[in-house]
Every structure is written in C-alpha cells, then in structure tokens.
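Reading through the structure tokens given below for one structure.
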Amino acid sequence: MATEKRNLLKGDFSKKNALLFALAVLVTIVLWNLPTSSFGIEGLTVIQQRIIAVFALATILWVTEAISPWATSVSLIGLLLFTTSDNAFHFFRSGIEKEELLDHSALMATFADPIIILFLGGFILAIAATKSGLDVLLARTLLKPFGNKSENVLLGFILITGVFSMFVSNTATAAMMLTFLAPVFKALPPEGKGRVALTLSIPVAANIGGMGTPIGTPPNAIALKYLNSPTGLNLGIGFGEWMMYMLPLTVILLLIGWFLLKKFFPFKKKTIELEIEGEVQHNWRTMVVAGTFIVTVLLWICDRWTGVGSNTVAMLPIVVFAFTGVIKARDLEEINWSVIWMVAGGFALGLALNESGLAENVIKSIPFGSWSPVAILLASGLICYILSNFISNTATAALLVPILAVVCKGMGDSLESIGGTPTVLIGIAVAASVAMTLPISTPPNAIAHSTGLVKQNEMMKIGLTMGIIGLVLGYSLLFFLGEMHAWQ
C-alpha cells in the first residue's frame, strides 16, 4: 500500500511536471504585471491583460499536461471568476469600470452550455445502447461491409463518421459513434495501438466530414451568410455548388486521415474477427432504446426542417430513459464528468476572450489593409487555426468573418488575384474545421479523450499533422478556385 502511494505521488507530482507547472505560473505572473503598452494592442484594458495571462497559463498546462486537462479547465474558470468578473475580490475590481468586468453568471453558465447537454445526451445514449445490446447490433450491421481486415474496419469507422458529420452536428456524430466502440474493442487484443487508431478516427472524421456540405459545421454557414447575403456579395452559392468543390477535398482528407492513423497507431493483429460478442436484450427496454435512438438521429439530421437544434434534441434520450427507468441513478456514475469540466473550461476561456473584447482588439490591431492579398489569405487562415484550437470554431468564425468581410470589401479589386472575398471567407471555414490538436479543440476530441484510451500527445500527433495537411491542401484548392473565379 505504501509503495502504491509513493508511485501515485511520483506519477502526479514528477519533477518534470513540477518544472512545467512552475514555468506556466512564471509566464502568467510576468504577463499579468507587464505594462499594458508592451502588448502592442490598442485600447488594451487591465481585465484583458489578465485574460491574456490566464490564456497563457491554460495553454501551457493543456499542451504540457503538467496537471490534468480537466484540472486546468477548472482552475482557469476559478481564476477568471475571482480576478476578472463582476463577482471578483474587491481589490481586483478596484478602479475598473463595471462594464469591463466579465459577467460571473455567464462564466458559471458554461457548465450548463447547450453543448454540455449534447455531451450528456450522447453519453446517456451510449450507456443505454450498451445496456440493451443495441450497440452490438449497430456495430455488426454498419461495419459488416468492410470485412475483417483491421485497416478496413478503421476505414469503415472513418467513412461512416465522415458521412454522418456532413449532415449532423460533429458532436452528435461523435457521441453516436461512441456507441460502436465498446463491442468492437472486445474483438481486439489489448496490446498494440489499434484501439487508439479506432478511437481517434472518430474525431478526425467528425471534424473533417463537416467540410463537405454547407450545413456540416457552423463556420460553413457563417461564411455563406456573408457570401450569399443580398446586402453582401449576393453570390447565391448553393448546396450542390459547395459540395462540388469541397466534397473531393473532404474525401481526400478522410483518406489521408485513414493512412496516417494506421501508420501512427498500427494494429497488432492484421485481421479482426468481428464476431462481436453480446446479444440484443429482447424486452420492452430495448424497444425503447432502439426507438429513441432512431428518433434522436432523425431529429439531428432534420434539425433544419423541425426547427429543433441538436443540443435540444439531446435532451430526448435523457428524458425518455430517465422517465422509463432504462437509465438508473447508478448508471450516471459511468459518465466521464471530468470531460464535462474540461469542455466547460474551453467555453469559459472563449467567453472571456470574446465578451471582454480582447479577441476583437487583437484582430483589429493587425493591419490587414496594408498587406498583400496572399498575405491576408494565409494570415487569416493561420490566425483562425490557432484560435480554433483553443476556443469554439464557431466563435472564431463568428469573430473573424465579419471583420475580414469589411477588410476585403475595403480592398476592392486588389483581391481579384486570389479570387476575391469568397476565397478568404471560405478559407476561414476550412481552417476552423481542421483545428483539432487538443482535447478542448473540438467536442469530438473531448469525447474521444473521455474514453481514457487516448493520450493527449497521441491526439496532438494526429491532430497537428492533419491540421497542417488540411491547411496546405485546403488553401491550395481555394487558391486554384480563386484563380479560376469559381465562386463568381
């Protein structure tokens, strides 16, 4: 017992982690106390400077894992509440205008963000599917066409997830695909990296798949809003036109993801005998789970026609399974609550950056107007990619697209060499979709991390590689389409 305690302490408080933690704290203290003028951001407030310091702390801790990701998230929420909100200690609020302070209730509300409900709905659906044996039936049915070769099963996961993600929220898709993992894992040996490859295939495919259609991910819709608006460019880019250009890119990236995953995380066994063990329970509870699963997926697919968003739809399985007794109170213990805290921290950081005006000030301080068209295209994509790895890609696109639309409009015909404003704005949608480096980067990443099978450095390895390849291929395509004036 004493040895176990020593090992536990050694694992949690190693010298390396202690040094990294000390480095993070030191950087935070320096940034916190520098003169505001040293940041080169016009109009930077004291609150915004504190948020920069907290952002640096969170980034270092998330990337290095000096402490666990969920602990970093909880810590940054606490720091923001106690030092930057309208409920902070008096000495932190002294001399600061009330409108500059963050709303403490909004920070706390990140624990109940609609996306959190979507997470819970997905987790509950997965638990119910496992209890009833429905996950076994679904895995057998959908994966059967891909045979028993390990690499082909991995391809099956990628293609199924990618196709669903084109029409359903990537978070909802990842939550649904999570139900297939457990029975497939039973057919795999514990050694080797096959389980890691299969687990990571879900966020990679869910994030990339959304690029294929205008409704696949919110950044696509945000870009199209400005491109198709009668008061904007009024281009009238339709569903089919978007897919004609972006679907080939999506398919290529999915296949590259498949190739990289099987190379980075090779299977120990070349074949998987997918005689997935387990049987469907033939009782009324299974009928309830199956019916609820079908209705939930259909509502996720048809949210544009029903008017009910995917986050609200996620309440359906929670309500039905609780009301019918399919899910008991003890089943809730199986939910990975640390992931909920981790995601909430990412939301809180995004809220602080946006609500304080810091993100907008930083973007406006960049002299886009004096840059060449190619520099604007590449810089805007890189900024979007970096921001989207730390805050919601929807929030990043909502911040950047309006600003870049104004900048591009002011540059007039000088952007013709790259295809005009559409190339820049669609580039934002591409950059936002390929940002998947950390567990907090996207909800599908967090869902994969919640399985406990994926280490953060493994996620960074595939996420960063896919991000770089996605940016290069995506912007090469956009540059080519721009020269061909395809969007005009």
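What follows draws every value from the coordinates through simple rules; no lab data is involved. None of these values were measured; they are calculated from a predicted model. Cβ coordinates were reconstructed from backbone atoms using ideal geometry, including for glycine residues, and neighbour counts include every protein chain displayed.
Using a basic spin-label model with each label point 7 Å from the Cα along Cα→Cβ, how many nm lie between LEU473 and THR271? Going from the LEU473 label point to the THR271 one covers 3.0 nm. Taking the Cα centre of region 2-112 as origin and assigning +1 to Lys and Arg Cβ atoms and -1 to Asp and Glu Cβ atoms, the resulting dipole is close to 640 debye. Here each label is just a point 7 Å from Cα along the line to Cβ, and for LEU453 and ALA398 those points are 3.4 nm apart. Each label was represented as a point 7 Å from its Cα along the Cα-to-Cβ direction; for GLU97 and ILE386 these points are 2.8 nm apart. Residues TYR245, TYR226, ranked from the fewest to the most other C-beta atoms within 10 Å, line up as TYR245, TYR226. From most to least packed by mean Cβ count within 10 Å, the peptides 61-68, 338-345, 205-212, 85-92 give 205-212, 338-345, 61-68, 85-92. For the chain, what does the alpha-carbon gyration tensor say about shape, rounded, prolate or oblate, given a ≥ b ≥ c as the root eigenvalues, a/c under 1.5 as rounded, and a/b over b/c as prolate? Verdict is oblate for the chain. Shape class of region 327-389 from the Cα gyration tensor (axes a ≥ b ≥ c, square roots of the eigenvalues): prolate, since a/c reaches 1.5 or more and a/b is larger than b/c. Scanning residues 5 or more positions from LYS149 or on other chains, those with amide H under 5 Å from its amide H are ILE272, with H placed 1.01 Å from N in the peptide plane.
In the structure shown, the pairs LYS16/LYS270; LYS269/LYS461; LYS131/LYS263; LYS144/LYS225 are assessed against 31 Å; a Cα-Cα span above that value is assigned to LYS16/LYS270; LYS131/LYS263; LYS144/LYS225. The H on the amide N of SER85, modeled in the peptide plane, is under 5 Å from the matching H of LEU102, each at least 5 residues off or on a different chain.
What does the C-alpha gyration tensor say about the overall shape of region 337-483? Classify as rounded when a/c is under 1.5, otherwise prolate if a/b is larger than b/c, or oblate.
oblate
Report the extension gain between ASN234 and VAL251 in nm, rounded to one decimal, defined as 0.36 nm multiplied by the number of residues separating them, less their alpha carbon distance. Extra length from ASN234 to VAL251 when fully extended: 3.3 nm. Report note on the peptides 128-134, 438-444: ranked by the mean count of other C-beta atoms within 10 Å, highest first, their order is 438-444, 128-134. Using C-alpha pairs below 8 Å separated by at least 6 residues, the relative contact order for region 2-112 is 22 percent. Sequence-distant contacts, meaning Cα pairs under 8 Å at least 6 residues apart, place the relative contact order of the chain at 20 percent. Basic side chains Lys and Arg get +1 at the Cβ, acidic Asp and Glu get -1 at the Cβ, and with that the dipole of the chain about its Cα centre reaches some 1340 debye. Hydropathy first: keep DSSP H helices in the chain averaging at least -1.0 on Kyte-Doolittle, then drop any whose Cα extent along the axis falls short of 24 Å, and list what survives. For the chain, where a helix must reach 24 Å along its axis and average at least -1.0, the hits are 15-33, 46-64, 114-132, 239-264, 284-301, 337-355, 393-411, 456-483.
Over what distance in Å are the Cα centres of region 86-162 and region 421-471 separated? If you average the Cα positions of each part, the centres end up 15 Å apart. By other beta-carbon atoms within 10 Å, ranking GLU333, GLU151 with the fewest at the front produces GLU333, GLU151.
In the chain, the calculated helix contribution to ellipticity at 222 nm averages -22000 deg cm²/dmol per residue, counting -39,500 (n - 2.57) for every DSSP H run with n ≥ 4. Placing +1 on the Cβ of every Lys and Arg and -1 on the Cβ of every Asp and Glu, with nothing else charged, gives region 299-429 a dipole about its Cα centre of roughly 60 debye. Ranked by the mean number of other Cβ atoms within 10 Å of their residues, highest first, the peptides 196-203, 288-295 fall in the order 196-203, 288-295.
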